[in-house]
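Working notes, structure below.
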Amino acid sequence: MRTSRRVSVAIGVLVVLAAVAAGGWWYQQSHLQPGPAANGVTAVVTSGADRGPGSLREALFVVAAAKEGATISIQVPRIVLETALPPIVTAHGLSIVAQQAGSEIDAQALMSSTVLDIAAPNTSIEGLRIKNCMGSAVLLRAVRFRLTSSTIEACDVGVDVAENAGDILLERNRFVNDRIGVRFAGSLRNTSLGKNEFANSRDAAIWAVRSAPDSAPAAIAVRDNKLSGDRIGMVVGNISLLIERNEVINAREAAVHLVGAGAVVRGNRITGGAAMGIVAENARAAVIENNELDGLTAYGIMVRGSGNTLVRNNRMHNCGYGMAFVLGDAQGPSTAVENTVIQPKFNGIDVIGDSPILRRNQVLRPRAMALHVEDFQPPQGAKVVSRPFLDNNTLGAPDTAASPKPIVNSSKPR
């Protein structure tokens, strides 16, 4: 009864987060298209210089004083900044649009300054390329912002989103060779990252971390993005994210690293990588389900020091290991149900100093042990005994056996 209640609670959290994020995505698409009025002020950038007539700097000063919606049309291929630009404070909405062939802002001379500091609502940027910024390419501290069809390259942070922002859409952009692609300071309402590409992030493609759990009910939707070659694909800590239908390729340390509460990781494809797929570390009530993971050097999914985490219906094949449960919360054990591990190079499921609930999982053709259970003995202190609850798991014999026959275990603790 207690086990069923835990699973029900985890499923309830998933349903609520999915509904909130789906509603935010619909609202973003149908109502939040920031930009100026049809007959507003237009400032045309005709000079690539840092200052002077026709420069981007002059255009920002022109639209700052506008009494109606404004547009900045960038008609030069390249702008070289030498000093920090004024913040965007246009009160009636601003749209920054690059020429059809694209326009580039080179910020190498700015040192640690932000390139575009957006301090006013209803701002949109389209078709722009920002590169070589030692600070943030875009600092967002206002609501109703849209970034589309743009590239941010070789910056410290691509888009840095403050906790007071919201109603944000980042869609069809490229983040290349940045330290962090997109960084969130807190959970935000009606905020979506969709169909973006991230490559070779030095720390993480997406970083959403705060020191304590966020009381905000809204979940940031991270959908249909492609991440490749990043150190870590996504780092999520105490900020509500719904991560679904993303493709993560060859992350160097982990595809997704969860810390604290508030994350749902669902329906993603994770391929290759020198370390692990999904890591839940000191996580609470995380949901990891319906993901496919293959070709990972270490574990497909690791749950470490966590409680009430649901790992359901994931598929892992050709990884070093399948799943691991390490030093979990004895008062709120995690649950793994209906996962499939095919041909791991070593063990299918490792349980070390933990007592998870393992139900209806399959480990097929492991090259070592289908299920490995081990107590944890710290150098000093009491031994932590592993007592997993096992219910109708199919645990195949090692692939090296002459006639491998799967073992279906009965409902019992170890």
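The values are calculated or read from the model by the stated rules, or taken from the named source; none is laboratory data. In this text the structure is predicted, and so the values were computed from the model without any measurement. Cβ atoms come from the backbone with ideal geometry, glycine included; neighbour counts cover every protein chain shown.
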- prompt: Does segment 253-270 contain any residue that is part of a strand (DSSP E or B), closer than 18 Å to Phe198 by Cα and touching a Ser or Thr at 6+ places or on another chain (Cβ under 6 Å)?
  reply: no
query: Listed residues Ala38, Ala43, Ala84, Ala59; which is over 20 Å from Leu170 (Cα atoms) and at pLDDT below 95?
result: Ala38
- prompt: So which residues in segment 116-135 are surrounded by 20 or more Cβ atoms within 10 Å (Cβ to Cβ) and in contact (Cβ under 8 Å) with a residue 40 or more places away in the chain?
  reply: Asn122, Thr123, Ser124, Leu128
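Test Gly332 against the criterion of being touching a residue at least 60 places away in the same chain (Cβ under 8 Å), over 18 Å from Gly237 (Cα atoms) and small (Gly, Ala, Ser), and give yes or no.
Numbers: touching a residue at least 60 places away in the same chain (Cβ under 8 Å): yes; over 18 Å from Gly237 (Cα atoms): yes; small (Gly, Ala, Ser): yes.
Answer is yes for this residue.
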statement: Subset of segment 322-355, residues surrounded by fewer than 24 Cβ atoms within 10 Å (Cβ to Cβ) and part of a strand (DSSP E or B), comes to Ala324, Val326, Thr335, Val337, Thr340, Ile342, Asp350, Ile352
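Can you list the strands (runs of 3 or more DSSP E) found entirely within segment 272-321 that contain at least 3 residues being surrounded by fewer than 22 Cβ atoms within 10 Å (Cβ to Cβ)? Explain how you work it out, then say what you get.
Values: elements: 276-284, 287-289, 292-294, 299-304, 310-312, 315-317.
The qualifying strands (runs of 3 or more DSSP E) are 276-284.
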query: Scanning segment 65-85 for residues that are hydrophobic (A, V, I, L, M, F, W, C) and not in a loop (DSSP other than H, G, I, E, B), which turns out surrounded by the fewest Cβ atoms within 10 Å (Cβ to Cβ)?
result: Val80
query: Which number in (1) touching a strand residue (DSSP E or B) at 6+ places or on another chain (Cβ under 6 Å); (2) among the hydrophobic types (A, V, I, L, M, F, W, C); (3) at pLDDT below 95 marks the one condition that Ala401 misses?
result: (1)
query: Does segment 207-221 include one or more residues that are in contact with a Ser or Thr (Cβ under 8 Å, 6 or more places away or on another chain), in contact (Cβ under 8 Å) with a residue 12 or more places away in the chain and part of a strand (DSSP E or B)?
result: yes
task: Pick out the one residue from Leu193, Leu169, Leu140 that is surrounded by 22 or more Cβ atoms within 10 Å (Cβ to Cβ), touching a residue at least 24 places away in the same chain (Cβ under 8 Å) and in contact with a helix residue (DSSP H, G or I) (Cβ under 7 Å, 6 or more places away or on another chain).
output: Leu169
